[in-house]
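The values are calculated or read from the model by the stated rules, or taken from the named source; none is laboratory data. If you're wondering where the values come from, they're calculated on a predicted model, not measured in any experiment. Using ideal geometry, Cβ is built from the backbone for each residue, glycine included, and neighbour counts are taken over all protein chains shown.
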Amino acid sequence: MYAPQQIAREIDDRSSLPIILLAAWIVATAALGPNFYVIRFAGFVDITIERILFVIMVAFLVVGLFQGKANIQKNIAIELFMGVFALICLVSMTQTGFLPITPEFISPWFVFISGYFFPFIIFVFAKKYIVNEKDMLIILHTLFYLGVYLCIIAGLEFFNLKQFVFPRYIANPEIGIHWERARGPFLNAPYNGEAILIGFICGLHLLQKKMGFSRIFHQSALLLFFPAVFFTLTRSVYVAMLVALIILLGWYKTSFPKWKLISLPLVIVLIVGIANSPRLLSTERREGGVYQVKEVDVRFALLKRSAYLFSESPFVGIGFAQFLPSNLRSYKGRTPYSSDELTALQHNHLLGIATELGIPGILIYLAIVILILRRLRQLAGKLPETGIMGNNIRIVIFSIWAVYLTNNLFLEPSNNLFVNAIPFLFAGLADGLYVRSLQPGVTSPVIMSRSTMRIIRSHV
């Protein structure tokens with residue numbers, strides 16, 4: 001006869017195929033998208049490595065519904081709000097269109113699946129399948145080593161060593177934007193910076209599992225993230241990094257004084273910052289200056305346009321993914337806008353949702369965010385004090401969401417699947433931990449899925 005704790009430990013040691021697929025999908029979403037490999041069926045569908053892996057994961061979810069591994073739980077408030085938000089998007093697209101008005105603009109349908117629909121599915125997938133420390137370690141290592149890769153690529157881009165960059169499309173100036181910055185496989189510096197910060201947060205959380213030489217290597221790798229953030233030359237990423245550091249320093253618990261962990265990186269940042277203070281105050285983007293005001297003026301101009309469009313149609317919005325130049329020419333503000341500025345996208349995610357979907361859309365989306373943050377609060381006292389799946393995971397998830405929301409105040413992220421999916425992946429993890437903590441017979445520090453409980457009962 002086996003003790004339940006022993007059986008649970010044996011089950012936790014097993015490899016999880018769904019989680020391995022999820023890890024592979026994360027990498028594919030970041031670097032192996034359409035620019036890397038794609039099979040196009042004109043007017044129908046694009047087949048990429050990421051889409052193939054996603055279809056396989058959806059198949060796991062569907063099979064899990066029939067096998068009881070992904071059964072419907074009672075606590076599905078977040079999923080219900082996600083469903084309502086998706087329905088609002090679909091209804092809006094039936095009114096304004098699923099396809100782009102002109103070829104140079106992203107289609108509303110693509111924005112829907114990359115900004116909301118696929119991330120919502122990843123939320124459910126993570127909630128059902130990330131159930132133990134081994135699963136969590138796979139995801140954390142994937143995001144950390146992906147972050148290390150992005151840091152290396154960022155250095156090569158910044159120092160104009162693009163001949164060594166892989167995949168090669170990153171070094172193609174005709175694809176994407178932000179050619180002068182470290183844009184990575186996302187071809188966008190803010191997205192790249194957000195992915196780097198997520199990798200940094202995951203790496204810090206992994207540090208507790210590292211010993212000896214592995215710990216020294218891990219700490220050295222973490223130092224790469226600070227210059228990589230600078231190489232993005234993006235102020236929203238700088239602000240997001242400060243927010244994440246404040247959260248981690250304030251609430252992340254360690255067995256030793258936290259100043260010992262951050263003293264060396266902090267000293268390096270201060271020395272580099274002081275040595276380059278004239279450059280940091282420069283108005284030139286390449287210098288890394290934060291005093292460049294032209295783009296700030298453009299951001300404020302876009303905010304004014306958004307407020308105007310929202311006032312024109314506050315209840316139904318202008319239509320999902322319809323923040324286009326044709327909608328902006330009726331604006332009669334005092335600021336003169338150039339033709340280049342007229343083609344700019346919305347640069348504030350929340351205000352963009354309000355403008356395009358009206359009051360119902362923004363209220364439902366804010367409800368989703370609030371419910372996710374509420375889950376983190378409800379997990380207090382339900383997790384072990386130490387360990388990868390311990391109480392610190394709440395702080396990690398909160399830090400990632402803080403980076404996501406902070407960066408979103410300065411850009412429109414809906415057309416990038418990676419930066420939307422990762423926060424919802426961790427939100428699904430938090431929701432799953434909470435739901436399992438409410439199941440009879442499951443108490444901290446052992447948190448098990450229902451399938452694990454069935455196996456335990458069959459052995460006892």
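Odds and ends about this structure:
- Annotation note: Cβ proximity below 8 Å between a residue of segment 113-140 that is part of a helix (DSSP H, G or I) and a residue that is surrounded by 24 or more Cβ atoms within 10 Å (Cβ to Cβ) and of a type in the set (Phe, Trp, Tyr) (sequence gap 6+ or interchain) occurs for PRO119/PHE424; PHE120/PHE424; ILE122/PHE424; PHE123/PHE424; ALA126/PHE424; ALA126/PHE426; ASP135/TYR129.
- Residues of segment 298-326 that are touching an Asp or Glu at 6+ places or on another chain (Cβ under 7 Å), at pLDDT below 85 and either among the β-branched types (Val, Ile, Thr) or part of a helix (DSSP H, G or I) (or both): VAL298, ALA301.
- Subset of segment 181-201 (residues that are part of a helix (DSSP H, G or I) and among the polar types (S, T, N, Q)): ASN192
- All positions within segment 202-222 that are in a helix (DSSP H, G or I) and free of Cβ contacts under 8 Å to residues at least 40 places away in the same chain: GLY212, PHE213, SER214, ARG215, ILE216, PHE217, HIS218, GLN219, SER220
- Some residue of segment 158-169 being of a type in the set (Phe, Trp, Tyr), closer than 23 Å to THR386 by Cα and either touching a residue at least 60 places away in the same chain (Cβ under 8 Å) or touching a His at 6+ places or on another chain (Cβ under 6 Å) (or both): no
- Single unsatisfied condition, ILE393 versus (1) farther than 18 Å from PRO119 by Cβ; (2) aliphatic (A, V, I, L, M); (3) at pLDDT below 95: (3)
- Residues satisfying the stated conditions in segment 143-178, i.e. surrounded by fewer than 21 Cβ atoms within 10 Å (Cβ to Cβ), of a type in the set (Val, Ile, Thr) and in a helix (DSSP H, G or I): VAL148, ILE152
- All positions within segment 170-201 that are among the aromatic types (Phe, Trp, Tyr) and without any contact (Cβ under 8 Å) to a residue 60 or more places away in the chain: TRP179, PHE200
- With respect to the conditions (1) within 24 Å of GLY358 (Cβ to Cβ); (2) among the β-branched types (Val, Ile, Thr); (3) in contact with a Phe, Trp or Tyr (Cβ under 7 Å, 6 or more places away or on another chain), VAL84 falls short on a single one, namely (3).
- Residues of segment 409-438 satisfying the condition of being farther than 21 Å from LEU61 by Cβ and either among the small types (Gly, Ala, Ser) or touching a Leu at 6+ places or on another chain (Cβ under 7 Å) (or both): GLU412, SER414, SER437
- Extreme residue, farthest from LEU409 (Cα to Cα), among residues of segment 205-242 that are touching a Lys or Arg at 6+ places or on another chain (Cβ under 9 Å) and crowded, with 17+ Cβ neighbours inside 10 Å: HIS218
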